[in-house]
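Working notes, beginning with the structure itself.
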Amino acid sequence: MTSVVAVSEHVAADVRDTPVDHYWEEYQYVYAIYTLGSRAIPSALDGLKPVQRRLLYQMHLNKLIPGAKPSKSSKVCSAVSGNLHPHGDVSVYGAAALLAAYFQRTRLVDGQGSFPRVQGDIPASARYTEMRLSPEGHELVRELTEHSVTMVPSFDGELLEPTVLPSRFPVLLVNGAVGIAEAYSTKVPAHNPRAVLTLAKAMLDNPSLSTDAIADILGGPDWGSGGVVVGTEGIRDYIETGKGRMIVRGSVSIEGKDIIVSALPPGVSSSGFQEKVRAGLNNGTIEGVSDFTDLTDRRNGLRILITVKRGHTPEDVLHSLYTYTPLEDTFAASLVALDEDRVPRWWTVPELITSFLELRDSVVLKRSAHRLEKASARLHLVKGMVTIQADIDAAVAIIRKASNASTAREGLEQHFGIDEIQADHVLSMQLRRLTSQDVLELNTEAETLEKEIAKLTRLVESRAARRKEISKDLDETAKLFDGAEYDRKTVIDTEATPSTRTEDGAEGGVSDKWCLNDHGVFGSEGVSLSKGIGWAVFTDGRVKTTDGKGLPRPGRDVLVAPDISALLVSGVAEDGQDLVLVTRRAKVIRLELGTINPQGVAGNGVAGVKLADPEDSVIAAFTVKDEGAVLSITDGRWKVTSVADIPRKG
């Protein structure tokens, strides 16, 4: 049976021809800016993403402070979604569950019920759990009542919400962050809160602290899940530049013939690790395991038991686990955060600390101005009460004789020389309270207020005075982290080296299981690196060669370069082969690969060909030998050129 579809005669007229750049600016660009500034990237000031900030603020509004009765998670998350963050309570609950997770360096939310204890755990449904602010989370919001930050209307204009929270410790460096948005992603390692606060105090005294001094104080990453950082490579890099690659292992102990895994690298779930172990056992890359048991529970946390067979040593099996599973993983730090204008950029660790200290200076300034205003208003009223108490009988007589409040106010103002505000305060008091006021107490309060006003005035006018106040605040906040749970959990093993394996005749420490495909990916597909040297060509004229040394382990795909957005093609060249590049402007160049220094996975290549103009680009790249020829076709015409006739560069 044939069906006939009626097509409108006006379809062609209804089609709008829109340039791509116009579509980008009108739609995609707006969405990209929104995801960058309002969804996935945290602020460098308070260290929070918008959903996290709004969640903590809503709990502050609901008075869910430490010690208060916790509220149902579904109720809290629905309020956040309805009042502040219109993206569904499911996403809000996901963010809340992470803030309440036990593997966080500091838990900002005190969750009651089944919240994640190890990475990869799924929390119980929101209707079964409860939450409130933890003491650490309360430190981020407790100064909101003192007008300490800027407030803006919420999405529907019904409420005001803070642009940042008045954080009392650098949350971004303490808890870390992971987020992906348009063209930007962030991956900030967690650190020990004591060390971060110590660094903040040190930089408060000396803003130009050296990188070595910062590294000594900070000590490197310290994830709540524990683990081991292999060597110090990458730590100084991300402190100094905001980017750095570190090798991280899980925490492992050996007891007899048993290997006990008690922690995994950050971002590695227990289920993902176990799947990789089972895959290794099935394909034979991991040998010598007789039993594999997951003993994880809520009391003891992560505990995976691996029993070694007779004839094998636990050390050899552990080496295989490091090599073929994410028990040893790469953490590529990328300290991307939003500045005060909500524009994303890379930050160094000193810049993040400086940003936090600038926030604290702003908070102390606004807090002091608010307190100064309140103290000045109170002193004004107290002075009026002291004046009234000098002749209280006359004041009572004026009030009693007056026919209305306006007459009484005018009588008090004329008789005592006080203003309207002071007179209204007197009239608002009951006569019993008015006549029982103690002049000595009022004078004492006035003296106390004058001292407080003098101190607050110094804070408002002097940045140096505010630095001392910030230092006191940091000392007070540091008391939160005195408990044993804030001892360092992640070990920096300066003697350890990353696991590499030479097998199946591969030389130079590079496994011949590594292959490079034409899309710029090291993995199990493509041409084996044992057959030659890997190469990659980029449209902007860059060329990269690599021998594969430094690759972490076979079994997980690795990009040939950190940025492959301009990659044209990649491959593996055999001995005796050269690389030919062809540009859009018909320029042909032949490169001798042996003259190009090979780079590791962190290299982005070197200049291979100079392009004629900004519109020019490399459009083809391939390997050749002297006995070959190159066929070129243009507008129906063709030409064959012997490879030997193309001169080498290099």
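For the reader, a short list of remarks on this structure follows.
- Boolean, Ser617 is under 37 Å from the mean Cα position of the chain (by Cα) and of a type in the set (Ser, Thr, Tyr): yes
- In the range 121-153, the residues that are of a type in the set (Gly, Ala, Ser) and crowded, with 16+ Cβ neighbours inside 10 Å: Ala126, Ser134, Gly137, Ser148
- Number of positions in the range 294-334 that are over 16 Å from Val277 (Cα atoms), over 34 Å from the mean Cα position of the chain (by Cα) and surrounded by 14 or more Cβ atoms within 10 Å (Cβ to Cβ): 1
- Residues being open to solvent by less than 20 Å² (accessible area, probe 1.4 Å) and not polar (S, T, N, Q) - total across the range 154-163: 2
- Residue within the range 368-382 that is over 22 Å from Thr448 (Cβ atoms), open to solvent by 40 Å² or more (accessible area, probe 1.4 Å) and of a type outside the set (A, V, I, L, M) present: no
- For the range 464-471, the criterion of being farther than 30 Å from Pro135 by Cβ and either open to solvent by 30 Å² or more (accessible area, probe 1.4 Å) or touching a residue at least 24 places away in the same chain (Cβ under 8 Å) (or both) is met by at least one residue.
- Only a single criterion out of (1) assigned to a helix (DSSP H, G or I); (2) open to solvent by 40 Å² or more (accessible area, probe 1.4 Å) is not satisfied by Ser253, namely (1).
- Hits in the range 325-356 (condition: among the aromatic types (Phe, Trp, Tyr) and within 30 Å of Glu287 (Cβ to Cβ)): Phe331
- One residue from Thr623, Thr583 being over 41 Å from the mean Cα position of the chain (by Cα) and β-branched (Val, Ile, Thr): Thr623
- Residues of the range 42-89 that are assigned to a strand (DSSP E or B) and either hydroxyl-bearing (Ser, Thr, Tyr) or under 27 Å from Thr186 (Cα atoms) (or both): Ser43, Ser71.
- Residue check, Pro86 modelled with pLDDT of 95 or more and open to solvent by 10 Å² or more (accessible area, probe 1.4 Å): no
- Residue ID - farthest from Ser320 (Cα to Cα), chosen from residues in the range 542-601 that are open to solvent by less than 60 Å² (accessible area, probe 1.4 Å) and of a type in the set (S, T, N, Q): Thr583
The values are calculated or read from the model by the stated rules, or taken from the named source; none is laboratory data. Computed from a predicted structure; not experimentally measured. All Cβ positions, glycine included, derive from the backbone under ideal geometry; neighbour counts span all protein chains shown. The area values use the complete protein model at the heavy-atom level, side chains included, leaving out ligands, DNA and RNA. Shrake-Rupley method; radii C 1.70, N 1.55, O 1.52, S 1.80 Å.
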